[in-house]
1. Give me the dipole magnitude in Debye, nearest 20, for the range 7-199 about the Cα centre, with unit charges on the beta carbon: positive for Lys and Arg, negative for Asp and Glu.
2. Computing the accessible area with a 1.4 Å probe over protein heavy atoms, can you report the carbon and sulfur percentage for the chain?
3. Could you calculate the contour length gain from Ala30 to Arg123, that is, 0.36 nm times the residue separation minus the distance between their Cα atoms, to one decimal place in nm?
4. Give the calculated FRET efficiency between Asp109 and Asp186 to the nearest 0.05, with a Förster radius of 22 Å applied to their Cβ-Cβ distance.
5. Name the long-range amide H neighbours of Phe201: under 5 Å, sequence gap of 5 or more, or other chain; modelled H, no Pro or chain starts.
6. How much of Leu41 can a 1.4 Å solvent probe reach, expressed as accessible area in Å² and rounded to 10?
7. Based solely on its DSSP helices, what 222 nm [θ] is calculated for the chain when runs of n ≥ 4 H residues each add -39,500 (n - 2.57) and the sum is averaged over all residues, nearest 500 deg cm²/dmol?
8. Normalising by the residue count of the chain, find the relative contact order in percent from Cα pairs under 8 Å and 6+ residues apart.
Amino acid sequence: SEPAPGAVHIPDWLDGGEQRHLVQASREWARPPAGMRHTRLPGGGVMSVQTVCLGWHWEPYRYLRHVDGAPVKPFPGWLAELGRRALADAYGPGAPDYRPDVALVNFYDDAAKMGLHQDRDERSRAPVVSFSLGDTGRFRLGNTDNRGRPWRDIELESGDLFVFGGPSRLAYHGVTGILPGTGPRDIGLPRGRLNITLREFGLR
Ligand code: MD3
Ligand code: FE
(Lines give C-alpha, C1' and ligand atoms only; values in the text may rest on other atoms or scores of the structure.)
(Ligands and ions follow the chains in the order given, each with its own letter.)
Protein backbone atom coordinates (compact mmCIF):
# COMPACT_ATOMS: atom_id res chain seq x y z
CA SER A 1 0.00 0.00 0.00
CA GLU A 2 1.03 3.67 -0.40
CA PRO A 3 -0.10 5.42 2.81
CA ALA A 4 1.49 8.73 1.67
CA PRO A 5 3.01 9.88 -1.63
CA GLY A 6 6.36 8.08 -2.07
CA ALA A 7 5.82 5.89 1.02
CA VAL A 8 5.32 2.23 0.10
CA HIS A 9 4.52 -0.52 2.62
CA ILE A 10 4.93 -4.15 1.54
CA PRO A 11 3.90 -6.49 4.40
CA ASP A 12 5.83 -9.75 4.82
CA TRP A 13 8.40 -8.89 2.13
CA LEU A 14 11.28 -10.74 3.83
CA ASP A 15 10.95 -14.52 3.95
CA GLY A 16 11.81 -16.47 7.11
CA GLY A 17 15.35 -17.23 5.95
CA GLU A 18 16.06 -13.57 5.18
CA GLN A 19 14.64 -12.53 8.56
CA ARG A 20 16.84 -15.07 10.37
CA HIS A 21 19.87 -13.88 8.39
CA LEU A 22 19.25 -10.21 9.29
CA VAL A 23 18.72 -11.09 12.98
CA GLN A 24 21.96 -13.09 13.05
CA ALA A 25 23.86 -10.29 11.29
CA SER A 26 22.41 -7.73 13.73
CA ARG A 27 23.60 -9.85 16.65
CA GLU A 28 27.15 -9.61 15.28
CA TRP A 29 26.90 -5.87 14.50
CA ALA A 30 25.63 -5.28 18.06
CA ARG A 31 28.79 -6.70 19.66
CA PRO A 32 31.59 -4.39 20.77
CA PRO A 33 33.82 -2.84 19.57
CA ALA A 34 31.70 -0.20 17.81
CA GLY A 35 28.61 -2.05 19.06
CA MET A 36 25.04 -1.21 19.92
CA ARG A 37 24.33 1.50 22.50
CA HIS A 38 21.74 3.94 23.74
CA THR A 39 22.28 7.11 21.70
CA ARG A 40 22.94 10.27 23.71
CA LEU A 41 21.09 13.32 22.46
CA PRO A 42 22.69 16.77 22.15
CA GLY A 43 20.37 18.08 24.91
CA GLY A 44 21.65 15.48 27.40
CA GLY A 45 18.89 12.89 27.06
CA VAL A 46 19.40 9.22 26.36
CA MET A 47 17.25 7.37 23.83
CA SER A 48 15.39 4.26 24.98
CA VAL A 49 16.16 2.65 21.62
CA GLN A 50 19.61 1.05 21.19
CA THR A 51 21.38 1.63 17.89
CA VAL A 52 24.40 0.43 15.97
CA CYS A 53 25.48 2.26 12.82
CA LEU A 54 27.19 0.71 9.81
CA GLY A 55 29.22 2.80 7.37
CA TRP A 56 28.95 6.05 9.32
CA HIS A 57 28.25 7.07 12.88
CA TRP A 58 26.16 10.22 13.24
CA GLU A 59 26.65 10.73 16.91
CA PRO A 60 28.33 12.95 17.86
CA TYR A 61 29.19 13.79 14.26
CA ARG A 62 32.50 11.99 14.28
CA TYR A 63 31.59 10.03 11.18
CA LEU A 64 33.87 7.04 10.94
CA ARG A 65 34.79 6.35 14.53
CA HIS A 66 32.50 5.01 17.20
CA VAL A 67 32.48 6.72 20.63
CA ASP A 68 34.47 3.77 21.99
CA GLY A 69 37.29 4.73 19.58
CA ALA A 70 36.93 1.75 17.26
CA PRO A 71 36.26 2.14 13.54
CA VAL A 72 32.60 1.96 12.56
CA LYS A 73 31.64 -1.39 11.07
CA PRO A 74 31.42 -1.50 7.29
CA PHE A 75 28.20 -1.43 5.32
CA PRO A 76 28.10 -4.82 3.58
CA GLY A 77 27.57 -5.17 -0.14
CA TRP A 78 24.87 -7.82 0.32
CA LEU A 79 22.79 -5.33 2.32
CA ALA A 80 23.03 -2.76 -0.51
CA GLU A 81 21.87 -5.48 -2.91
CA LEU A 82 18.86 -6.27 -0.67
CA GLY A 83 18.07 -2.53 -0.61
CA ARG A 84 18.13 -2.32 -4.41
CA ARG A 85 15.75 -5.28 -4.64
CA ALA A 86 13.47 -3.59 -2.11
CA LEU A 87 13.39 -0.35 -4.12
CA ALA A 88 12.65 -2.24 -7.34
CA ASP A 89 9.71 -4.04 -5.70
CA ALA A 90 8.37 -0.86 -4.10
CA TYR A 91 8.63 1.49 -7.08
CA GLY A 92 8.71 -0.90 -10.05
CA PRO A 93 10.66 -0.31 -13.27
CA GLY A 94 10.80 3.45 -12.57
CA ALA A 95 12.82 2.93 -9.37
CA PRO A 96 15.84 5.25 -9.14
CA ASP A 97 19.40 3.91 -8.91
CA TYR A 98 20.12 3.18 -5.27
CA ARG A 99 23.56 3.07 -3.66
CA PRO A 100 22.94 2.93 0.10
CA ASP A 101 26.12 3.40 2.15
CA VAL A 102 24.82 3.66 5.74
CA ALA A 103 22.57 1.45 7.87
CA LEU A 104 21.07 2.15 11.28
CA VAL A 105 20.09 -0.94 13.26
CA ASN A 106 17.64 -0.07 16.06
CA PHE A 107 16.64 -2.42 18.88
CA TYR A 108 13.45 -1.78 20.87
CA ASP A 109 12.88 -3.54 24.17
CA ASP A 110 9.34 -3.72 25.57
CA ALA A 111 9.48 -0.11 26.85
CA ALA A 112 11.39 1.60 24.02
CA LYS A 113 9.91 4.32 21.81
CA MET A 114 11.20 6.83 19.29
CA GLY A 115 9.75 10.33 19.33
CA LEU A 116 8.56 12.06 16.18
CA HIS A 117 11.51 13.40 14.18
CA GLN A 118 12.72 14.09 10.66
CA ASP A 119 15.77 12.39 9.13
CA ARG A 120 17.75 15.28 7.71
CA ASP A 121 21.38 14.28 8.28
CA GLU A 122 21.79 12.64 4.90
CA ARG A 123 22.93 14.97 2.16
CA SER A 124 21.19 12.80 -0.44
CA ARG A 125 17.41 12.82 -0.75
CA ALA A 126 17.45 9.18 -1.88
CA PRO A 127 14.79 6.96 -0.30
CA VAL A 128 15.16 5.28 3.09
CA VAL A 129 14.51 1.51 3.10
CA SER A 130 13.25 0.01 6.38
CA PHE A 131 13.05 -3.66 7.43
CA SER A 132 11.12 -4.67 10.57
CA LEU A 133 11.97 -7.84 12.54
CA GLY A 134 10.49 -9.41 15.66
CA ASP A 135 7.72 -7.81 17.69
CA THR A 136 5.22 -5.55 15.92
CA GLY A 137 6.02 -1.84 16.11
CA ARG A 138 3.44 0.93 16.24
CA PHE A 139 4.81 3.34 13.64
CA ARG A 140 3.53 6.91 13.30
CA LEU A 141 3.87 8.61 9.92
CA GLY A 142 3.25 12.33 10.27
CA ASN A 143 3.29 15.27 7.90
CA THR A 144 6.26 17.19 6.51
CA ASP A 145 5.55 20.47 8.35
CA ASN A 146 5.43 19.79 12.09
CA ARG A 147 5.11 17.16 14.82
CA GLY A 148 1.35 17.55 15.02
CA ARG A 149 -1.54 16.07 13.11
CA PRO A 150 -2.29 14.84 10.57
CA TRP A 151 -0.53 11.52 11.10
CA ARG A 152 -1.25 7.88 10.36
CA ASP A 153 -0.54 5.00 12.73
CA ILE A 154 0.64 1.85 10.98
CA GLU A 155 1.60 -1.48 12.56
CA LEU A 156 4.92 -2.78 11.26
CA GLU A 157 5.26 -6.54 11.58
CA SER A 158 8.20 -8.87 11.28
CA GLY A 159 9.28 -9.12 7.64
CA ASP A 160 7.63 -5.87 6.54
CA LEU A 161 9.36 -3.57 4.06
CA PHE A 162 8.75 0.17 4.07
CA VAL A 163 10.31 2.55 1.55
CA PHE A 164 10.20 6.31 2.14
CA GLY A 165 10.99 8.39 -0.92
CA GLY A 166 9.71 11.47 -2.67
CA PRO A 167 7.69 13.84 -0.47
CA SER A 168 7.53 11.34 2.42
CA ARG A 169 11.34 11.40 2.79
CA LEU A 170 11.10 14.47 5.01
CA ALA A 171 7.95 13.47 6.89
CA TYR A 172 8.00 13.46 10.68
CA HIS A 173 7.89 9.87 11.95
CA GLY A 174 8.40 7.84 15.10
CA VAL A 175 7.56 4.67 16.99
CA THR A 176 5.00 5.02 19.80
CA GLY A 177 5.72 1.56 21.19
CA ILE A 178 5.98 -2.12 20.42
CA LEU A 179 3.56 -4.97 21.03
CA PRO A 180 5.54 -7.39 23.24
CA GLY A 181 5.42 -11.07 22.37
CA THR A 182 3.95 -10.62 18.87
CA GLY A 183 7.04 -11.60 16.84
CA PRO A 184 7.65 -14.95 15.16
CA ARG A 185 9.25 -17.58 17.40
CA ASP A 186 11.67 -18.94 14.82
CA ILE A 187 13.87 -16.06 13.64
CA GLY A 188 16.31 -16.02 16.55
CA LEU A 189 14.89 -12.91 18.25
CA PRO A 190 13.09 -14.07 21.40
CA ARG A 191 12.10 -10.57 22.55
CA GLY A 192 11.86 -7.05 21.21
CA ARG A 193 11.93 -5.43 17.79
CA LEU A 194 14.73 -4.74 15.35
CA ASN A 195 14.46 -2.12 12.65
CA ILE A 196 17.13 -1.83 9.98
CA THR A 197 17.16 1.31 7.80
CA LEU A 198 19.33 1.75 4.72
CA ARG A 199 20.32 5.24 3.61
CA GLU A 200 22.37 6.97 0.97
CA PHE A 201 24.42 9.30 3.11
CA GLY A 202 26.13 10.70 0.06
CA LEU A 203 29.25 12.24 1.61
CA ARG A 204 31.79 9.91 0.07
C1 MD3 B 1 10.03 8.17 7.18
N2 MD3 B 1 13.56 4.46 12.76
O3 MD3 B 1 16.14 5.24 12.56
S4 MD3 B 1 11.88 3.15 10.47
C5 MD3 B 1 15.27 6.10 12.35
O6 MD3 B 1 11.36 1.84 13.41
C7 MD3 B 1 13.83 5.72 12.48
O8 MD3 B 1 13.34 2.27 14.13
C9 MD3 B 1 12.21 3.99 13.02
O10 MD3 B 1 13.01 6.56 12.35
C11 MD3 B 1 12.30 2.60 13.54
O12 MD3 B 1 15.52 7.27 12.00
C13 MD3 B 1 11.34 4.08 11.84
C14 MD3 B 1 10.97 3.88 9.22
C15 MD3 B 1 11.48 5.19 8.73
C16 MD3 B 1 12.81 5.48 8.64
C17 MD3 B 1 13.23 6.67 8.07
C18 MD3 B 1 12.30 7.57 7.58
C19 MD3 B 1 10.57 6.09 8.27
C20 MD3 B 1 10.96 7.28 7.69
C21 MD3 B 1 12.68 8.77 6.94
C22 MD3 B 1 11.74 9.62 6.44
C23 MD3 B 1 10.40 9.33 6.56
FE1 FE C 1 13.92 8.35 11.43
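The values are calculated or read from the model by the stated rules, or taken from the named source; none is laboratory data. Bear in mind that the values here come from a model prediction, so they are computed numbers and not experimental data. Cβ placement follows ideal geometry from the backbone for every residue including glycine, while neighbour counts extend to all protein chains displayed. Note: accessible area is taken over every heavy atom of the protein model, side chains too, but ligands, DNA and RNA are not part of it. Shrake-Rupley method; radii C 1.70, N 1.55, O 1.52, S 1.80 Å.
1. Values: 25 positive and 22 negative charges, 122 e Å.
Charge dipole of the range 7-199: 580 debye, to the nearest 20.
2. Numbers: 5120 of 9740 Å².
About 53 percent, which is the carbon plus sulfur part of the accessible surface.
3. Numbers: separation 93, 0.36 × 93 = 33.48 nm, distance 2.59 nm.
Once the chain is fully extended between Ala30 and Arg123, it gains 30.9 nm.
4. Values: r = 20 Å, r/R0 = 0.92.
Working from the Cβ atoms, E equals 0.60.
5. Sorted by chain and number, the residues that satisfy this are Asp101, Val102.
6. 70 Å²
7. Details: 2 runs with 30 residues, N = 204.
Result for the chain: -5000 deg cm²/dmol, rounded to the nearest 500.
8. On the way: 470 pairs, mean separation 57.9, N = 204.
It rounds to 28 percent for the chain.
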